[in-house]
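This report concerns only the one structure given below.
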Amino acid sequence: MSRGRIEKALSGFYYVNTGEEILQCRARGKFRREGLSPLVGDWVQVQLLGGGEGFVEAIEPRKNVFTRPAAANIDQLVMIASGAIPVTDPYLIDRISAIAALKGCDVLVCINKCDLNPAEELYEIYANSAIPVLRISAATGEGLDHLKSRISGKLNAFTGNSGVGKSSILNALNESFALPVGEVSKALGRGRHTTRHVEMFSLGEDTYVIDTPGFSSFDTEALNLELKQHLPETFPEFLPYLNSCQFVGCRHMKEKGCAVLQAVKEGKIPRSRHASYARLAEELKDCKEWEKK
C-alpha cells in the first residue's frame, strides 16, 4: 500500500502522486456504493498493481469538499477578477468568498489585466475589506512575485469569470504548463471556457494550483441552509461588530441599533460588501430546514 495525492481526475482514472511516481488508478467499487468519489486534492491509500497502475483503496479525512469544482482539501480560493473585459461584478466575488469562508478556505482577490485597467473601484472595495487583494498582469509580469508569495505552501484553487486570465496566470507562473488560453468575445464581453477538467499544477515547495471553470459553475449547491444560518460570519469585516448590536437576532439589514450598519455608515465596512450581504440574504431566505444536507 502506498500513500499519495490525487492530482488529476479524467475519464474515470485518478492520477496519484506518491512522491516517487504518478500512478494511473481506478477507484474501488465500494466508493460508488457508498456514494463517495475520490477528488483532486484527496490524500489516498493506493494498492500498487505494477506498471505505474493501482487502485484507490481509501480516502483520508478531508478538510473540505467542493462539488464544483470537484476538489478537496483546498487551503485558499484565489478569486481572479478584472476591470478590463470581462469586467468582474463584486457580488460574484462576495458570493463565492462567503461559500469559501463557510468551508474553511482562505480567500485572496487577485485583479488581473491591471496593465489594461487598474480597476481602482474594485481594488478599493477589497483594500478596505477584510479580504486581501492584489493587482497583477499575466501579460507584463507585474505583481506575479507578490502572488507567488501569497499562494506559497498551499493548495490554491483559481476561479473567476471565464476570460479573466486564470490559465494565462498559470502559464506566467510556470511557462512549462502551456495551458490553452481562450479569447474574449468583444461582442459578449466574456471568454470561452478552456478548462475542461480539474487538475492540480505544482509550482514547487508544496505549492499547488487547481485551475477551475468559471464562476457560473462554482459550487452553487453550497447556497443552502448552512450558509443562511452563518452568513454574517462569512463576511469577516462584520465579525468585530456582531456581538454589539442592540438586539439579539439582529439581521444587520435595517434594524435599530445595529452595530454592523453603524460600521457601514462610518466607512469601516465597504458599502458594496454590505450590499452583497443583503443580496445573498435575500437569495437564501427561502432555504428551509428540511433542505439541509
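The values are calculated or read from the model by the stated rules, or taken from the named source; none is laboratory data. Please read these numbers as outputs of a predicted model, since none were measured by experiment. Cβ sites come from the backbone with ideal geometry, for glycine too, and all protein chains shown count toward neighbours. Keep in mind that these areas ignore ligands, DNA and RNA; they rest on the heavy atoms of the full protein, side chains included. Shrake-Rupley method; radii C 1.70, N 1.55, O 1.52, S 1.80 Å.
Some values worked out for this structure:
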{"item": "Restraint check, LYS103/LYS265; LYS30/LYS63; LYS113/LYS154, Cα-Cα greater than 28 Å", "result": "LYS103/LYS265"}
{"item": "Accessible surface of the chain [probe 1.4 Å, protein heavy atoms]: carbon and sulfur percent", "result": "49 percent"}
{"item": "Accessible area of the range 1-88 divided out per residue, in Å², using a probe of 1.4 angstrom", "result": "47 Å²"}
{"item": "Cα-centre dipole for the range 33-148 with unit charges at Cβ (Lys and Arg positive, Asp and Glu negative), debye to 20", "result": "260 debye"}
{"item": "Neighbourhood net charge (14 Å Cβ-Cβ; Lys/Arg +1, Asp/Glu -1) for ALA119", "result": "-4"}
{"item": "Over the chain: helical MRE at 222 nm, DSSP H runs n ≥ 4 each giving -39500 (n - 2.57), nearest 500", "result": "-6500 deg cm²/dmol"}
{"item": "Solvent-accessible area of ILE85 with every protein chain in place, 1.4 Å probe, in Å² to the nearest 10", "result": "90 Å²"}
{"item": "Size of charge dipole - the chain - debye, nearest 20, with Cβ of Lys, Arg +1 and Asp, Glu -1, no other charges", "result": "820 debye"}
{"item": "Sequence-separation-based contact order of the range 222-293, relative, with Cα cut under 8 Å and 6+ spacing, percent", "result": "40 percent"}
{"item": "Per-residue SASA entry for ASP115, accessible area with 1.4 Å probe, Å² rounded to 10", "result": "70 Å²"}
